[in-house]
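Step one of this worksheet: look at the structure below.
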Amino acid sequence: YKTLVSVEDLGASAYLGAAPLVKDPGLLAAAVEIHTVEAEHATFWRYMAGMDPVPFAFATPKTMAQVLAVVTPLL
């Protein structure tokens, strides 16, 4: 479960970090919807892993460089 927690946490943080870069209101709305789903997934997998799901409600935005630093070794 911990890998799933990492992936979903990262996904939600990536959308949060990219939000200020999105200028089109329609695209921003779609990105926020996706972020919400990623956060729900992260909360679920945290629960399944026996972790406290609440801290993720206050996710930290991540830059593209931060996201790539986590993802690149997995590819």
Here are a few candidate values for Rg/Rh (Cα atoms, Kirkwood Rh): (i) 0.99; (ii) 0.97; (iii) 0.90. Which one was actually calculated from the structure I just gave you? (i)
Can you give the net charge of the other residues whose Cβ lies under 12 Å from the Cβ of R46, counting K and R as +1 and D and E as -1? -3
Expected output is a single nm value to one decimal: the length gained when fully extending between V37 and D24, i.e. 0.36 nm times separation in residues minus the C-alpha distance. What is it? 2.7 nm
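Take peptides 42-52, 27-37 and line them up by average Cβ neighbours within 10 Å, highest first, as a rough protection proxy.
Details: 42-52: 15.7, 27-37: 13.4.
Output ranking for 42-52, 27-37: 42-52, 27-37.
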Quote the relative contact order of the stretch 7-75 in percent (integer), defining contacts as alpha-carbon pairs under 8 Å separated by 6+ residues. 45
Taking r as the C-beta separation of A69 and Y47 and R0 as 25 Å, the FRET efficiency to the nearest 0.05 is 0.40
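If you put +1 on each Lys and Arg Cβ and -1 on each Asp and Glu Cβ, how big is the dipole of the chain around its Cα centre, in Debye rounded to 20? Walk me through the numbers before you get to the answer.
On the way: 4 positive and 7 negative charges, 39 e Å.
Dipole about the Cα centre, nearest 20: 180 debye.
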For the chain, set up a GNM with springs between Cα atoms under 10 Å and report which of P61, P25, P53 has the largest fluctuation. P25
A 1.4 Å probe over the protein heavy atoms gives the chain a carbon and sulfur accessible-area percentage of 70
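The values are calculated or read from the model by the stated rules, or taken from the named source; none is laboratory data. The model shown is predicted, which means the values in this text are computed figures rather than measured ones. Virtual Cβ from ideal backbone geometry, glycine too; neighbours counted across all protein chains shown. Side chains are part of the model used for accessible areas, which takes the heavy atoms of the whole protein and leaves out ligands, DNA and RNA. Shrake-Rupley method; radii C 1.70, N 1.55, O 1.52, S 1.80 Å.
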